Amino acid sequence: MSTSRMELREILGQDPEAFVRQSLLDELAVLHVMTDQELLAENPESLHEFRVSVRTLRTRLKFYEPFFKNRSKITGWLKELKWLDSQIQPLRELEVQISLFEEITQDKLQNLVSKPSKYQDLKKHFMSLKADLSKPLFETRQKMQFALLSQRKHRLLADIKTGLLLAEMKPNKVLKLEEMLTSKLTKRSNQLQKLTSKPKFVKQSFKKLHAVRLSYKRTRYLAEALGLPSKNFADGQDLLGAINDLANLGSWLRARASTMRRNRRLMLGLIIAVDGRIDEKRRELSSMHPA
């Protein structure tokens, strides 16, 4: 059972060293409790939860690394967690793209239910496009499955569990942990406020919005590590993530359209639909950060 936010705050004030270990062990527990069978059962939510915990653990280890005496050990774990994440991320991104494509094409098909001939013709074209989009799926899933079943992954999680319990910390430095964490959160929150207060913030390029998303994520993870409310940060991160996913799908459609001599009109319709969804997300983002 993970530690509640209130309990984390109490531990931080009473025993900063125990706070560091507990905040790391809580995320590690999520990784341990998920069986290989569960992760390989093609349940997107389980895999997503596993990946989020990998990233959260990596983020916290990176921040707490200076508090440990043997930093090289932490550095080794960070490298391996980065590897594990890199084996899962491509599959997650591809599945999101396919899911978005299915949603958008289903909306298009819905308008032609009363016209069976056109409906079937359009459905055939959409299935062909989906097949193209899905081509890397098998290889990507195989790569992910190999990593999750590997001894490398199992050794890593076991090593972190044992290592966290035995690793020595710098007592004088860790005593200042609460002050340092609070100061860091204030700094990150101010930086985020500055980024989202820029004129026409929501109309920025996808690359710049992605950078803001990373700022949301870092701030959210730190707030959660402190046991503080993080919903606003999570909402902003999720919304910007949705924009990024749609932008990636739009890029794929544009690249695919550039190679097609036929059905250009069909591709243009899909691109317009994606752009329309992006505009909707930008408006939602604007409501979060009114000028």
- Item | Residue in the range 144-170 that is surrounded by the most Cβ atoms within 10 Å (Cβ to Cβ), counting only those that are basic (K, R) and at pLDDT 95 or above | K153
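Residues are listed down the side, and each one gets a yes or a no for (1) under 30 Å from L133 (Cβ atoms); (2) at pLDDT 90 or above; (3) not assigned by TED's automatic domain parsing to the domain that holds G227:
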{"site": "T3", "(1), (2), (3)": "no, no, yes"}
{"site": "N43", "(1), (2), (3)": "yes, no, yes"}
{"site": "L61", "(1), (2), (3)": "no, yes, yes"}
{"site": "T105", "(1), (2), (3)": "yes, yes, yes"}
{"site": "L109", "(1), (2), (3)": "yes, no, yes"}
- Please indicate, with yes or no, whether at least one residue in the range 166-189 is touching a Phe, Trp or Tyr at 6+ places or on another chain (Cβ under 6 Å) and in a helix (DSSP H, G or I). yes
- What is the residue count in the range 95-128 for residues that are farther than 21 Å from I278 by Cα, surrounded by 13 or more Cβ atoms within 10 Å (Cβ to Cβ) and in contact with a Phe, Trp or Tyr (Cβ under 9 Å, 6 or more places away or on another chain)? 1
- Do we find a residue being under 22 Å from L47 (Cα atoms) and touching a Ser or Thr at 6+ places or on another chain (Cβ under 9 Å) anywhere in the range 148-155? no
- Message: If I filter the range 216-226 for residues that are under 19 Å from the mean Cα position of the chain (by Cα) and more than 14 Å from T56 (Cα to Cα), do I get at least one hit?
- Response: no
- Task: Kindly indicate whether any position in the range 199-208 is more than 22 Å from the chain's Cα centre (by Cα) and not in a helix (DSSP H, G or I).
- Result: yes
- Message: So for the range 247-263 (the condition being free of Cβ contacts under 8 Å to residues at least 40 places away in the same chain, buried (at least 16 other Cβ atoms within 10 Å of the Cβ) and under 15 Å from K203 (Cβ atoms)), does at least one residue qualify?
- Response: no
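The values are calculated or read from the model by the stated rules, or taken from the named source; none is laboratory data. What you see is a predicted model; the values in this text were computed from it and never measured. Positions of Cβ are generated from backbone atoms using ideal geometry, with glycine treated the same way; all protein chains shown enter the neighbour counts.
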